[in-house]
């Protein structure tokens, strides 16, 4: 029983640490997921607190994992992880049944699980925690003052790690637009592929059985042996589905995605998120970066209406053409309200947050 308890404690601790780490890599992304939950629960007034809530949840999850792995505050940790897992289990069961949110975000963007897979994962963790309760006498020990010291170190490390990823960019990019991605190939292939599959159902008049045919081989001429029943259209699942919303719109409303991505030169996009009002120093830093590096074309990329970028051009005497893109897509591309995105022959070569741009001048 001692061995089973120890293995269970290690496994639960590792899962919690891994889950916290992959979310701490991208705390802003975790905040977006918190917003989804708050919206689903009809408490949108708390969305302004989504980032602090995300940081707090990630920190707590990391501490639970560390406490379990190193057997710190064992009584408190066992009760805490039990209460949390009971809440998470019932929550994920409801999500699996109602499906209001497609991805719970348990492992950030690193590992995507369906709601039913998440519920199954929680059942496994519940089983391991039950083993911990059964064998708690094997790891529950007297309180040690050093536990506070270790806990303080863990809190400082995980919070500092999250702050760094917020101020700069995630140190590990699990999203589809990471550096090195050939956007041109991905998006143009996606645009050229058919997202839907048509299946025609015909009944064999001799056997009465219904058979499936595609558009190339269905027996439309053989009316003696086959009888038409129905047509079904299915949406294909593709690894490139994440790129379907990458659409660049110019100042007159034209879709210029293909035109820009087919450009073989070095492109620079000054990313300005809607509602963010950059100061003169910040814009100067961005423009100086563009001047210090050789780019064939420079654009302003924003999810704001073109009229907003026109005001920006007038206020700061900017003459770079503005492109509009969907806000959710822009958040996925770069976790920065103000930053730089560069492409070379359709391949993402660099992404930078304005806060860390000075190190790259």
Which of the residues spanning region 167-181 are touching a strand residue (DSSP E or B) at 6+ places or on another chain (Cβ under 9 Å) and over 15 Å from residue 343 (Cβ atoms)? 167, 168, 169, 173
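When you look at residue 214, is it at pLDDT below 80, touching a strand residue (DSSP E or B) at 6+ places or on another chain (Cβ under 8 Å), over 18 Å from residue 348 (Cβ atoms) and outside the structural domain of residue 257 (by TED's automatic domain parsing), yes or no? Give the derivation first.
Details: at pLDDT below 80: yes; touching a strand residue (DSSP E or B) at 6+ places or on another chain (Cβ under 8 Å): yes; over 18 Å from residue 348 (Cβ atoms): yes; outside the structural domain of residue 257 (by TED's automatic domain parsing): yes.
In short, yes.
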Log entry, pairs with first residue in region 82-99 being over 17 Å from residue 19 (Cα atoms), second being at pLDDT 90 or above, beta carbons closer than 6 Å, six or more apart or on different chains, reads 93/119; 96/116; 96/119
Of the conditions (1) more than 22 Å from the chain's Cα centre (by Cα); (2) assigned to a loop (DSSP other than H, G, I, E, B); (3) modelled with pLDDT of 85 or more, the single one that residue 260 does not satisfy is (2)
Filtered residues of region 85-114 (kept if part of a helix (DSSP H, G or I) and either outside the structural domain of residue 27 (by TED's automatic domain parsing) or closer than 23 Å to residue 64 by Cα (or both)): 85, 86, 87, 88, 89, 90, 91, 92, 93
Considering (1) under 17 Å from residue 332 (Cβ atoms); (2) free of Cβ contacts under 8 Å to residues at least 24 places away in the same chain, say which one residue 130 fails and leave the rest. (1)
Counting only residues that are without any contact (Cβ under 8 Å) to a residue 60 or more places away in the chain and assigned to a loop (DSSP other than H, G, I, E, B), how many does region 1-57 have? 3
Among the residues of region 156-179, how many are surrounded by fewer than 16 Cβ atoms within 10 Å (Cβ to Cβ) and under 17 Å from residue 348 (Cα atoms)? 4
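Would you pick out the residues in region 58-80 that are under 18 Å from residue 131 (Cβ atoms), assigned to a helix (DSSP H, G or I) and in contact (Cβ under 8 Å) with a residue 60 or more places away in the chain?
Once the filter is applied, which keeps residues that are under 18 Å from residue 131 (Cβ atoms), assigned to a helix (DSSP H, G or I) and in contact (Cβ under 8 Å) with a residue 60 or more places away in the chain, region 58-80 yields 67, 69, 74, 75, 78.
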Would you be able to say whether some residue in region 137-155 is outside the structural domain of residue 344 (by TED's automatic domain parsing), part of a helix (DSSP H, G or I), crowded, with 17+ Cβ neighbours inside 10 Å and within 27 Å of the chain's Cα centre (by Cα)? yes
Given 134, 130, 110, 154, which one is modelled with pLDDT under 90 and in contact with a helix residue (DSSP H, G or I) (Cβ under 9 Å, 6 or more places away or on another chain)? 110
Condition set farther than 18 Å from residue 336 by Cα and modelled with pLDDT of 90 or more, scope region 267-297, selection surrounded by the fewest Cβ atoms within 10 Å (Cβ to Cβ): answer is 296
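The values are calculated or read from the model by the stated rules, or taken from the named source; none is laboratory data. Predicted model only: the values in this text are computed from it and were never measured. Glycine also receives a Cβ, built like all others from the backbone with ideal geometry; neighbour counts cover every protein chain displayed.
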